[in-house]
């Protein structure tokens with residue numbers, strides 16, 4: 001049930017840039033995000049909100065450098 | 001829905017454009033990528049000379065389950081991949097599969113790839129020529145080829161080591177490609193003079209392009225002799241946004257007519273990453289939900305020399321899930337929350 005609700009919510013985010021921006025603002029406060037999503041008819045669970053939070057991450061410059069270096073650089 | 005390499009190409013769609021990627025090239029990449037797993041890092045091999053050119057696709061396998069998965073997808077490679085997955089070729093640290101896309105693949109499924117094995121520094125030459133290379137080639141090495149390879153290894157200076165070996169059978173060649181790490185440009189020429197002096201004039205000028213470049217590799221193909229194709233490649237530990245020498249290296253290629261300014265700019269602009277939040281309409285939510293990154297990085301530049309042709313320059317652009325192999329710098333540990341950042 002929840003998985004399909006999250007999928008439905010993600011689909012809505014994909015199709016509406018304004019909703020996407022709004023959701024990022026609400027995700028600063030998970031409880032608020034939950035209420036906001038319920039208010040729009042998306043019955044997300046706290047775990048769904050956590051999954052959304054966990055997906056909204058940034059990589060550091062060091063991560064990007066490492067991605068180019070391949071498997072353990074320099075070669076041992 | 002299973003994650004495939006094509007999902008990542010879809011995320012990259014706005015970047016797979018000219019001048020590096022012609023529409024026909026992108027079509028071939030998609031047709032291949034749909035048959036390949038999405039969990040492995042991919043690399044796009046782009047030609048930098050002015051004008052349209054094919055782009056090849058490579059995938060890196062690092063784990064037994066990835067090798068077993070590919071063994072099912074690539075019956076021609078099944079024997080080698082399963083042996084590696086079972087630990088029978090344990091010194092091999094990772095395997096690259098390079099799919100040539102200079103022509104339309106024959107039939108359905110994945111075409112046979114060039115296979116490349118990454119080696120530890122102290123690889124035993126006897127094991128290499130007696131076990132690993134026969135496994136890669138699907139037959140024992142001819143005595144002349146074995147002797148040639150051992151001579152090449154014997155002539156290596158102490159600072160250098162064999163890093164990769166390639167089987168080129170998918171290109172219709174019995175040659176083995178050796179890729180050497182740890183030679184500066186002058187030392188490359190000295191080494192080549194001892195092995196293939198006739199190649200030195202063709203390589204001399206190109207080697208100077210790589211003066212001051214880090215992580216240099218020298219590659220050449222061996223049958224019972226050294227074949228007339230030499231590759232030199234190099235890179236820097238940091239990406240172009242933090243390493244201006246990338247720009248200088250590209251500029252050297254542009255000055256020599258080996259790279260168009262437009263392709264230089266496109267390659268330098270490649271690095272970065274996407275998430276569901278930056279590319280929601282293209283993100284593979286059906287396969288992985290909103291999680292993950294699709295990282296783009298500039299891996300290295302290579303110039304290939306042949307006596308009868310102009311040198312050819314290439315840029316290697318990686319994509320896909322971040323490399324998690326280095327301790328202490330994993331994406332999951334180093335990533336920070338953007339929802340809370342300003």
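The values are calculated or read from the model by the stated rules, or taken from the named source; none is laboratory data. Given the structure is predicted, the values throughout are model-derived calculations rather than measurements. FYI the Cβ positions are ideal-geometry reconstructions off the backbone, even for glycines, and counts take in every protein chain you see.
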In this structure, does residue B:261 turn out to be away from every other protein chain (no Cβ under 14 Å), free of Cβ contacts under 8 Å to residues at least 12 places away in the same chain and touching a helix residue (DSSP H, G or I) at 6+ places or on another chain (Cβ under 9 Å)? yes
Looking at (1) closer than 22 Å to residue B:196 by Cβ; (2) in contact (Cβ under 8 Å) with a residue 12 or more places away in the chain, can you tell me which one residue B:158 breaks? (2)
Looking at region B:107-212, what helices (runs of 4 or more DSSP H) fall wholly within it and have at least 3 residues that are touching a strand residue (DSSP E or B) at 6+ places or on another chain (Cβ under 8 Å) and within 14 Å of chain A (Cβ to nearest Cβ)? none
Exactly one of B:322, B:280, B:244, B:311 is closer than 24 Å to residue B:11 by Cβ and at pLDDT 95 or above, and that residue is B:280
Go over the candidates B:51, B:87, B:79 one by one and state the one that is away from chain A (no Cβ under 14 Å), more than 18 Å from the chain's Cα centre (by Cα) and outside any loop (DSSP other than H, G, I, E, B). B:79
Just give me the residues in region B:125-146 being surrounded by fewer than 13 Cβ atoms within 10 Å (Cβ to Cβ), within 24 Å of residue B:230 (Cα to Cα) and in contact (Cβ under 8 Å) with a residue 24 or more places away in the chain, in sequence order. B:144
What is the one condition in (1) touching a residue at least 12 places away in the same chain (Cβ under 8 Å); (2) within 14 Å of chain A (Cβ to nearest Cβ); (3) not in a helix (DSSP H, G or I) that residue B:238 does not satisfy? (1)
Taking the options A:48, A:54, name whichever one is closer than 21 Å to residue B:272 by Cβ, assigned to a helix (DSSP H, G or I) and modelled with pLDDT of 90 or more. A:54
Residues being assigned to a loop (DSSP other than H, G, I, E, B) and either within 9 Å of chain A (Cβ to nearest Cβ) or within 30 Å of residue B:206 (Cα to Cα) (or both): count how many of those fall in region B:283-308. 9
Hey, can you tell me all the residues within region A:9-32 that are more than 22 Å from residue B:288 (Cα to Cα) and part of a helix (DSSP H, G or I)? A:18, A:22, A:25, A:26, A:31, A:32
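With respect to residue B:266, is the statement that it is part of a helix (DSSP H, G or I), within 14 Å of another protein chain (Cβ to nearest Cβ) and touching a residue at least 24 places away in the same chain (Cβ under 8 Å) true?
no
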Here's a check for you: in region A:17-29, which residue that is more than 9 Å from chain B (Cβ to nearest Cβ) and surrounded by fewer than 14 Cβ atoms within 10 Å (Cβ to Cβ) is farthest from residue B:279 (Cα to Cα)? A:29
